[in-house]
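Comments concern the structure below.
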């Protein structure tokens with residue numbers, strides 16, 4: 001069994017006894033974030049505190065009531081400990097001399113609730129950044145640790161900026177122990193970047209501020225503490241019955257099968273019962289082999305009608321290659337099982353097979369579900385479904401995932417999904433829900449978080465899944481090792497941001513320079529991409545130039561399976577380009593594995609593009 005993922009740290013879980021129920025769980029969570037969050041001094045304390053507040057409020061008020069709160073009304077609901085964390089632990093740093101700290105806040109957003117209570121006063125100075133007005137508030141601090149609060153409780157306005165200068169003119173100043181670690185310090189000057197995670201720069205600054213220290217904040221954390229207007233309700237709440245049953249691989253597809261599903265938190269454990277399909281007529285279902293699942297708690301306190309669910313994950317091992325199995329999932333009780341479903345292990349050795357590839361589902365899940373069901377009806381022989389990133393639009397919001405899984409019902413419980421990580425799946429800066437809802441191979445590049453990139457063989461094909469949200473260069477050595485070490489006849493790579501773009505004004509140069517030379521050297525056949533929301537198939541490309549035939553180079557593909565569409569520019573590498581069409585693609589390895597047929601279909605099952613490669 002793979003290591004269990006955990007949403008809550010051990011101290012939080014330890015506060016809740018198995019029989020304490022939902023009320024006890026919420027009480028334990030709230031107590032933990034009040035005691036440990038205030039002391040941690042990191043962004044995790046903010047996140048834990050916000051999660052605890054949201055959970056508590058969702059038990060007292062409807063989403064409509066919570067979204068109508070004013071900042072004053074919300075503050076009435078917060079404990080003093082919570083106000084201290086939110087008002088002083090969002091950003092922390094240390095200075096070695098007494099300083100003046102200037103907070104520049106976006107006038108289009110709410111005034112941070114802590115500015116006045118912590119004795120910051122407005123100076124009347126204004127800074128313009130990208131057509132937005134930031135007004136200056138300042139306060140004197142002694143040397144030592146300084147903490148600043150969250151940007152907004154209502155999710156409005158750009159993130160504030162921070163200037164620091166020594167109180168004594170000309171005194172040397174050291175700023176260190178920045179928290180979060182991604183914060184940076186630079187000199188305040190024209191051309192300086194106000195945010196550590198954005199490339200925009202300051203065009204003009206007041207002359208009096210030149211030479212001051214600018215702490216570059218994180219724009220992506222501007223809504224980190226949004227507690228007003230951010231409560232939602234899922235259209236697909238959990239229950240005691242298992243749902244969202246999904247197959248993935250975390251091990252060898254020939255001999256393992258990972259199974260994940262969801263229940264309400266009142267279901268404390270999960271089991272998988274399984275057996276060979278060929279034995280179903282002779283083995284009664286109650287005598288199927290059973291494997292216990294790892295059970296995790298997923299918390300989204302902003303889901304007022306379903307804030308806590310249990311996610312169960314089991315891995316079946318020592319399966320036989322090329323064999324059909326039946327299975328069901330449940331809590332182990334006599335009437336707590338799902339209906340029987342079926343999966344097949346990968347063949348042992350070279351043989352023909354097919355799989356479905358789709359770009360970004362992301363938006364319009366009902367329409368996407370129709371497309372996916374068309375693919376399943378048209379090609380029930382497909383071995384797995386590859387999704388090239390942006391599985392959802394808001395990766396940190398569980399109701400978006402609920403919509404995806406609801407519309408994949410009847411498909412992904414019968415065919416494994418092979419996901420790549422998209423930028424929308426990383427909403428908030430980290431793909432927490434993505435990683436906690438899919439059990440994936442943990443064989444990716446050293447130094448990269450497990451399951452963000454991985455590789456596996458299926459029959460006579462190698463499939464390498466890369467993380468284009470992370471530094472491409474940090475994955476090249478591992479990528480080369482996978483490609484060089486494989487004897488597979490067919491080699492596929494999948495990642496989200498295209499090496500050769502489809503949409504206008506997009507070009508992922510760093511990715512292309514890091515990875516495509518390896519695709520050329522090791523004869524990668526297809527690069528399966530997403531992100532650009534317009535269909536593209538390039539000519540076979542080698543060193544950026546068109547190959548002599550279909551097998552001379554890599555074919556770069558961009559697909560969109562959801563309803564969000566972009567325009568498409570004419571590019572010299574485009575062989576086929578389509579706009580405003582959702583497609584699924586079927587890759588067939590035919591005969592004894594020496595012929596590839598690629599076809600793209602629309603939602604009606606009509607053929608829109610095709611390609612044949614012979615080896």
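The values are calculated or read from the model by the stated rules, or taken from the named source; none is laboratory data. Since the structure is predicted, the reported quantities are computational estimates derived from the model, not experimental observations. All Cβ positions, even for glycine, are placed from backbone atoms using ideal geometry, and neighbour counts span all protein chains on display.
What the table shows:
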quantity	calculated
Any hit, region 539-558, residues being part of a loop (DSSP other than H, G, I, E, B), over 20 Å from residue 491 (Cα atoms) and without any contact (Cβ under 8 Å) to a residue 60 or more places away in the chain	no
Some residue of region 418-435 being in a strand (DSSP E or B) and modelled with pLDDT of 95 or more	yes
Filter result for residue 156 (at pLDDT below 95 and over 15 Å from residue 215 (Cβ atoms))	yes
Selection status of residue 392, crowded, with 23+ Cβ neighbours inside 10 Å and touching a strand residue (DSSP E or B) at 6+ places or on another chain (Cβ under 6 Å)	no
Close pairs from region 332-359: first farther than 16 Å from residue 288 by Cα, partner modelled with pLDDT under 90, Cβ under 8 Å, at least 6 apart	350/592; 350/593; 351/592; 351/593; 352/591; 352/592; 352/593
Any hit, region 250-259, residues being touching a helix residue (DSSP H, G or I) at 6+ places or on another chain (Cβ under 8 Å), under 30 Å from residue 411 (Cα atoms) and assigned to a strand (DSSP E or B)	no
Residue satisfying condition, being surrounded by fewer than 18 Cβ atoms within 10 Å (Cβ to Cβ) and without any contact (Cβ under 8 Å) to a residue 40 or more places away in the chain, within set 450, 455	450
Residue that is outside any strand (DSSP E or B), closer than 22 Å to residue 147 by Cα and within 35 Å of the chain's Cα centre (by Cα), where the choices are 176, 197, 203	197
Residue under evaluation residue 150, criteria (1) surrounded by fewer than 15 Cβ atoms within 10 Å (Cβ to Cβ); (2) within 19 Å of residue 92 (Cβ to Cβ), criterion not met	(1)
Hey, residue 517 within 28 Å of the chain's Cα centre (by Cα), surrounded by fewer than 16 Cβ atoms within 10 Å (Cβ to Cβ) and without any contact (Cβ under 8 Å) to a residue 40 or more places away in the chain or not	yes
Only listed residue being closer than 26 Å to residue 228 by Cα, buried (at least 17 other Cβ atoms within 10 Å of the Cβ) and at pLDDT 95 or above, chosen from 162, 99, 129	162
Hits in region 461-477 (condition: over 30 Å from residue 262 (Cβ atoms) and buried (at least 20 other Cβ atoms within 10 Å of the Cβ))	461, 462, 472, 475
Selection count where residues are within 21 Å of residue 558 (Cβ to Cβ) and either in the same structural domain as residue 55 (by TED's automatic domain parsing) or assigned to a loop (DSSP other than H, G, I, E, B) (or both), scope region 380-405	9
Among the candidates 20, 62, 58, residue that is at pLDDT below 50, surrounded by 13 or more Cβ atoms within 10 Å (Cβ to Cβ) and not assigned by TED's automatic domain parsing to the domain that holds residue 451	20
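Residue by residue, here is whether (1) more than 27 Å from residue 368 (Cα to Cα); (2) in contact with a strand residue (DSSP E or B) (Cβ under 6 Å, 6 or more places away or on another chain); (3) at pLDDT 95 or above; (4) surrounded by 17 or more Cβ atoms within 10 Å (Cβ to Cβ) holds:
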site: 554; (1), (2), (3), (4): yes, yes, yes, yes
site: 560; (1), (2), (3), (4): no, yes, yes, yes
site: 569; (1), (2), (3), (4): no, no, no, no
site: 576; (1), (2), (3), (4): no, yes, yes, no
site: 579; (1), (2), (3), (4): no, no, yes, no
site: 593; (1), (2), (3), (4): yes, no, no, yes
